[in-house]
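Here's the structure we're looking at; comments come further down.
The values are calculated or read from the model by the stated rules, or taken from the named source; none is laboratory data. Note that the coordinates shown come from a computational prediction; the quantities given were computed from them, not determined experimentally. In this analysis, Cβ positions are derived from the backbone assuming ideal geometry, glycine residues included, and neighbour counts consider all displayed protein chains. Just the protein is used for accessible areas: all its heavy atoms, side chains included, with ligands, DNA and RNA removed. Shrake-Rupley method; radii C 1.70, N 1.55, O 1.52, S 1.80 Å.
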Amino acid sequence: MKIVLYFIFSMILILINHTALAEQAVHCTNRSSGSQKKCLAVKKEVKGSKRVNKAVAQSQKKETFSPIAPAIKRNSKNNLSNSKSYVLQLLQQLAEQRAISSITPLLHDTEPYVRDATIEVLGQLGAKEAIPSIIPLLKDTNSTVRNKAIKVLVQFRAKEAIPSIIPLFQEKDSDVRIRAMEALVQLEAKEAIPTIIPLLKDDESTVRMAAINTLSELRANEATSGITELLKDNDSNIRIRAMEALGLLQGKEALPGIVSLLQDKDDNVRLSAIKALQDLDAKDVVPRIILLLQDSNAKIRSTAISLLRKVKANEAIPTITLLLQDSIPDVRGNAIAALEELQEENAVPAIIPLLKDGTAPVRLQAMNSILRLQEQELSPHLVSLLHDHDDRIQIRAMELLTQLQDENALIPKKEAITNVLPFLQNNNKSLRHTAVTTLKELQAKEAIPGIIPLLQDSDQDVRLAAIEAVAELQAKKAIPALVFFLKDKEPKIRIGAMNALIELQGKEAIPSIAPLLKDEVIDVSNATKERLSRIQNPLLTALINKTFIVLMVICPILAFLPLFLTGKRFFVSIVFFIASIFFFRLLADISPYYPKFKEGATLGEIYQVVVLFVFAISMFLKFSWYILANAFKRSPDNDKENIFAKLN
């Protein structure tokens, strides 16, 4: 069927060509002699296309394709753009039938675009059998063809191409040399290392960079001397990459070369050298690193601190201490972290002045460092930190007030409360929230008048914190507002208000919170059931739980019981079963110990369905037996008639 379609398609092309030829002939009759020459050229082109199409049609009939390069050549001489389109069309047809034997000869075509397209098609087909024919194209005069050949050979993992790729290092085009090295890396051609090393001295910096990368990837330890020379390269990027490669290839043996770059004129090179030493954990170069603490570049100073901190360089403490006064906040912050680790408690006197630093992150870091080292030294400064102009510092100070009050009484409680109270009216919601929480933890009942208005705060988190606070502080004045919140649109507020009312009223809150049992949000209704079960009498709760267990065992038994009873007992057993199911459902909802059996819970629903199914089976069997028994039961009237008949 496919052959027929190809034949029809080819015939259509022939008819189109005939039509075009006829049109050109008509136009040529009305033109001058010069125009007639052009028309003759067009006729030749049409005839050439006709011959190519005829050749394709014939090859399709045979189901094999003969070499079509001559036809493409004739067509390309007439019209290059049409020829390109024609070649791609034919190659597509050949690719669809995997006619590799007919595609391969096109690798020798005189047109570069034909060779390029042919290599691409062979790569798409995965035609590894064409590797011997592709390798010669590594010497092609066209760079596009050479690059395409390299790409496809790498795709095929053609190690046999390595000897032909190596000579490409002599090409004038730097891109070709770079692509050749990239190909050798992917082919894992370690045998090519001796020929790559000379490229470390290439005039092109991009080639030298590629050579470093290639030798590094191939783990070429024999190239370390050549790479070491590049530490003095004019290109800073080359120096950096050479240093990284030496670190990878030599490890700590590369230290002398890396240390030499600590005095490099380029900031990025010095920074990279420090990072390289940090990766190598180089303790032997500490004196050289200490000198960099006075570098003009802040990043270098900061990175040097990190390295000295990592190697535990205690001899650097005096110089690092001086950097607490550095003009750059990141350097000061890094110095705090280093001194905390190197000096521990002895660093506190030097860090304390930074509680008044001009940058908030530095003040915050100083607070946390002192807290970890000697918290008692921080206590006298907390009150002043509450008046800091940065909200992050104020929030942290309030949090620490609560923490330190639990551990010691260095700060008078009343003083702490007095300084926190103003934050209840702050415009910042985070500060209001933290203030409420802090006053609650401090058990500041004198703060109740200031907390109650926050029950109406615009922020939900602040309202929730206020609700928890009035409950913790036993603020009975807040009960009417809490009852009102039981109808709030936010489920979290309703749950919070319910908890607060239980905390404040105990059992007296039951009438107020009972309507929440029917709340439309299941989380609210479930929370209400759980809270109610907790505030009941413990003995009653225990009785409920034991009864629940008994009912859970009895219900399946009662489901089967009617099957074995008759008369009134049968109906009584059904009533008992229905009652047991009702009480099981009721106790499951109010029991705090079996939440998986509550209404809506999967396990509870499965249990109920199974029990009802057992009851249904029992009823079905019972009624089936009743019907069968009545059907075969003999009538008393019939028995009397039979007796009278026998007597007569």
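Okay, here's what the table says:
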read-out	value
Neighbours by Cβ (under 9 Å, 6+ apart or cross-chain): first from the stretch 248-274, open to solvent by 30 Å² or more (accessible area, probe 1.4 Å); second of a type in the set (Phe, Trp, Tyr) and assigned to a helix (DSSP H, G or I)	none
Subset of the stretch 460-487 that is open to solvent by less than 30 Å² (accessible area, probe 1.4 Å) and not in a helix (DSSP H, G or I) - its residue that is farthest from ARG432 (Cα to Cα)	LEU486
Residue satisfying condition, being at pLDDT 80 or above, surrounded by 13 or more Cβ atoms within 10 Å (Cβ to Cβ) and touching a Leu at 6+ places or on another chain (Cβ under 6 Å), within set PHE560, PHE577, PHE570	PHE577
Scope the stretch 364-387; condition touching a Lys or Arg at 6+ places or on another chain (Cβ under 7 Å) and open to solvent by less than 20 Å² (accessible area, probe 1.4 Å); matching residues	MET367
Residue that is under 36 Å from the mean Cα position of the chain (by Cα) and either under 30 Å from ALA242 (Cβ atoms) or polar (S, T, N, Q) (or both), where the choices are SER272, SER260	SER272
Hey, PRO511 farther than 23 Å from ALA444 by Cα, assigned to a helix (DSSP H, G or I) and of a type outside the set (A, V, I, L, M, F, W, C) or not	yes
From the options GLY251, GLY226, residue that is at positive phi and in a helix (DSSP H, G or I)	GLY251
ARG177, sole failed condition from (1) under 41 Å from the mean Cα position of the chain (by Cα); (2) surrounded by fewer than 19 Cβ atoms within 10 Å (Cβ to Cβ)	(2)
Candidate set from the stretch 314-337 (those that are among the acidic types (Asp, Glu) and in a helix (DSSP H, G or I)); member that is farthest from the chain's Cα centre (by Cα)	GLU315
ILE554 open to solvent by less than 70 Å² (accessible area, probe 1.4 Å), at pLDDT below 85 and touching a helix residue (DSSP H, G or I) at 6+ places or on another chain (Cβ under 7 Å)	no
The listed residue being in contact (Cβ under 8 Å) with a residue 24 or more places away in the chain, over 28 Å from TYR626 (Cα atoms) and either in contact with a helix residue (DSSP H, G or I) (Cβ under 8 Å, 6 or more places away or on another chain) or basic (Lys, Arg) (or both), out of PHE577, PHE570, PHE560, PHE584	PHE584
Filter pass, VAL114 being over 26 Å from ARG239 (Cβ atoms) and over 42 Å from the mean Cα position of the chain (by Cα)	yes
Verdict on TYR594 being out of contact with any Ser or Thr (no Cβ under 8 Å at 6 or more places or on another chain), open to solvent by less than 70 Å² (accessible area, probe 1.4 Å), at pLDDT 80 or above and among the hydroxyl-bearing types (Ser, Thr, Tyr)	no
Spans of helices (runs of 4 or more DSSP H) in the stretch 349-456 with at least 2 residues modelled with pLDDT of 90 or more and within 38 Å of the chain's Cα centre (by Cα)	360-386, 391-407, 429-441
Any hit, the stretch 219-239, residues being open to solvent by 10 Å² or more (accessible area, probe 1.4 Å) and closer than 26 Å to ILE150 by Cα	yes
Restricting the stretch 512-549 to residues that are modelled with pLDDT of 80 or more and open to solvent by 80 Å² or more (accessible area, probe 1.4 Å), the residue that is farthest from PHE484 (Cα to Cα)	LYS546
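One line per residue, one yes/no per condition, for (1) crowded, with 19+ Cβ neighbours inside 10 Å; (2) polar (S, T, N, Q); (3) more than 43 Å from the chain's Cα centre (by Cα):
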| site | (1), (2), (3) |
| --- | --- |
| LEU88 | no, no, no |
| ALA95 | no, no, no |
| SER101 | no, yes, yes |
| ASP140 | no, no, yes |
| ILE150 | yes, no, no |
| ALA158 | yes, no, no |
| ALA161 | yes, no, no |
